Amino acid sequence: MKKYLEKLPFYNSLVLPYHFAQAIFANVKYHHPSKKLRVIGVTGTNGKTTTCFMIWNMLNKAGLKTGLMTTVAWGVKTLKPELGHMTTVDAITLNERISAIQKQGAEFLVLEVTSHALAEYRTLGIPIEIAVFTNLTHEHLDYHKTLSKYRAAKGKLFKKAKLSILNADDPATDFYKKLSHKYITYGIKNGENRATNIKLSVSGVKYAYHDINIETKIPGEFNVYNSLAAVLVGEKLGLSSEQIQEGIASLESVEGRMNVIDEGQPFTVIIDYAHAPDALEKVFESVKGHKGRIISVHGGAGRRDPSTRPIRGEILAKYSDIVIITEDDSRDENPEIIAEGFIKGAKKAGKILGKNLFEELDREKAIALALNIAKKDDLVLILGKGHEKTILRADGPHDFEDIKVTKRLLARIQRDHQ
C-alpha cells in the first residue's frame with residue numbers, strides 16, 4: 001500500500017508531521033543518547049561516506065573512541081554492515097544505534113547525514129558540534145523537486161552546528177556560509193585551507209597541507225577534498241600532525257568506494273558506488289591516465305529521478321570505450337524503460353548499440369560480459385551499487401554484491417584460462 005501512496009505528488013509533505021512525532025518519540029524512548037556524544041555530521045551529494053570513514057579512523061587511531069554511522073556500516077571498533085538501502089536510517093533506528101554506540105563508551109560519533117534525513121526530521125534533537133560539507137550536485141530531485149530545495153534541506157545541518165567546515169570550491173558554500181554560526185573553508189583552488197603539491201595515482205593521492213604531508217590509499221582527486229575535510233576536523237579537535245597523518249594514511253579502503261579487485265587478471269577492475277552524474281564524472285576523471293580501454297557497467301534505480309538517466313548515459317559513453325547498460329534497484333519500474341534513458345544518452349555521445357554499447361539487464365551477466373571482453377591493460381568500471389548487499393527488483397530484495405560477484409567471476413575466468 002505504501003509504495004502506491006508514495007507516488008502521490010504531495011505524499012512527502014503529508015507525512016512530515018509523522019516523521020516529526022517519530023523523532024520526538026525516539027529521543028525520549030532512548031533518553032536523548034546523542035546528547036552524551038560529540039557529534040560530527042557530514043553532508044553533501046558525494047564523498048560523505050569516505051569522509052566519515054576517514055574521520056572515524058583518524059579519531060580512533062588517536063585514541064578517541066568514536067562511533068560511526070554511514071551508508072556502508074555502523075558501530076564503534078567493530079562495524080556492522082548497513083543492509084538497508086538508506087544512508088541515514090529512520091529516527092527510531094537511528095537513536096537505538098546511537099544509544100548502543102554511546103553504551104560502548106564512545107566519546108564521538110561521526111554521522112553521515114542526508115538531505116532526506118534533514119527534511120524528515122530524522123536528526124531532530126541531535127546536537128552537531130562540527131558539520132562538514134563535501135559538495136552539492138544534481139541528485140534526489142525526484143524527492144526535493146528543485147536544486148534550491150535540495151540545497152536548503154542540507155542547510156539545516158549548518159544552522160544547528162557549532163562549527164561548519166565548507167568546501168570553498170563548491171558554489172553552494174556561499175549559501176551555507178550565511179547559515180553557519182562559525183565556519184572555516186577548504187579546497188584546492190579556493191579556501192583558507194588548501195591542498196598543494198597534489199600527486200594522483202591509481203593507488204591513492206598525496207598532497208601537502210601547510211607542514212603536513214597527507215597520503216591516502218584511496219585514489220581520485222575527490223579524495224583530496226574528502227581527506228582535507230577530515231584533516232580539518234582533526235585539527236579542530238586538537239589532534240597532532242602525526243595523529244592526523246597516521247589516521248588518514250592507515251585507512252586501507254572503504255567498501256564500494258574505488259575498490260580495486262585483483263584476482264590475478266591482466267586487466268584492472270574497479271568497483272564504485274557512483275550513481276549521480278557528478279560522481280560518475282569524478283570517477284572517470286580519477287582514471288583518465290589509464291592507457292588501455294575503459295569498459296563501464298552501469299544502470300539506474302527505479303523510482304528515482306529519471307532526468308539523470310540520459311545524462312549519465314552520455315557521460316558513460318563520453319569517457320568509456322565500451323558501455324554496458326544493466327539493472328540497478330529497478331524496484332517496481334520496468335528495467336527496460338530505465339535502460340532506454342541511458343541508451344538514449346549514450347547514443348547521443350556517439351555509441352552504437354551492438355558495437356560499443358550493449359544492454360544486458362541481468363547485472364551478473366553484464367559484469368561477466370565486461371570481464372570477458374576485457375583484454376590486457378584494460379580497465380573495467382562497475383558502477384552504481386558499490387557496497388550494497390542486495391538488489392531491489394519488483395518482487396523484493398535479492399542477495400547481490402558487486403564485489404563478491406566480480407571476484408567469483410574473475411576466479412572462474414582465471415580457471416578457464418589455465
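The values are calculated or read from the model by the stated rules, or taken from the named source; none is laboratory data. These numbers were taken from a predicted model, which means no experiment stands behind them. Cβ placement follows ideal geometry from the backbone for every residue including glycine, while neighbour counts extend to all protein chains displayed.
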Go over the candidates 359, 364, 327 one by one and state the one that is charged (D, E, K, R), under 25 Å from the mean Cα position of the chain (by Cα) and surrounded by 19 or more Cβ atoms within 10 Å (Cβ to Cβ).
327
Expected single match for surrounded by 18 or more Cβ atoms within 10 Å (Cβ to Cβ), under 23 Å from residue 70 (Cα atoms), among the basic types (Lys, Arg) and touching a helix residue (DSSP H, G or I) at 6+ places or on another chain (Cβ under 8 Å) among 385, 351 is 385
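Residue by residue, here is whether (1) under 15 Å from residue 102 (Cα atoms); (2) in the same structural domain as residue 387 (by TED's automatic domain parsing); (3) under 24 Å from the mean Cα position of the chain (by Cα); (4) part of a loop (DSSP other than H, G, I, E, B) holds:
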{"position": "20", "(1), (2), (3), (4)": "no, no, no, no"}
{"position": "25", "(1), (2), (3), (4)": "no, no, no, no"}
{"position": "34", "(1), (2), (3), (4)": "yes, no, yes, no"}
{"position": "56", "(1), (2), (3), (4)": "yes, no, yes, no"}
{"position": "59", "(1), (2), (3), (4)": "no, no, yes, no"}
{"position": "83", "(1), (2), (3), (4)": "no, no, yes, yes"}
{"position": "89", "(1), (2), (3), (4)": "no, no, yes, yes"}
If you take the residues of the stretch 246-295 that are among the hydroxyl-bearing types (Ser, Thr, Tyr) and out of contact with any helix residue (DSSP H, G or I) (no Cβ under 8 Å at 6 or more places or on another chain), which of them is modelled with the lowest pLDDT?
253
Can you confirm whether residue 129 is closer than 22 Å to residue 60 by Cα, surrounded by fewer than 17 Cβ atoms within 10 Å (Cβ to Cβ) and at pLDDT 95 or above?
no
Requiring at least 3 residues that are within 29 Å of residue 345 (Cβ to Cβ), the helices (runs of 4 or more DSSP H) wholly within the stretch 211-293 are 222-236, 277-286
Which residues, counting only those in the stretch 61-81, are among the aliphatic types (A, V, I, L, M), within 25 Å of residue 26 (Cα to Cα) and more than 15 Å from the chain's Cα centre (by Cα)?
76, 79
Which residue is nearest to residue 279 (Cα to Cα), if the candidates are limited to the stretch 75-96 and must be surrounded by fewer than 24 Cβ atoms within 10 Å (Cβ to Cβ) and either aromatic (Phe, Trp, Tyr) or in contact with a Phe, Trp or Tyr (Cβ under 8 Å, 6 or more places away or on another chain) (or both)?
82
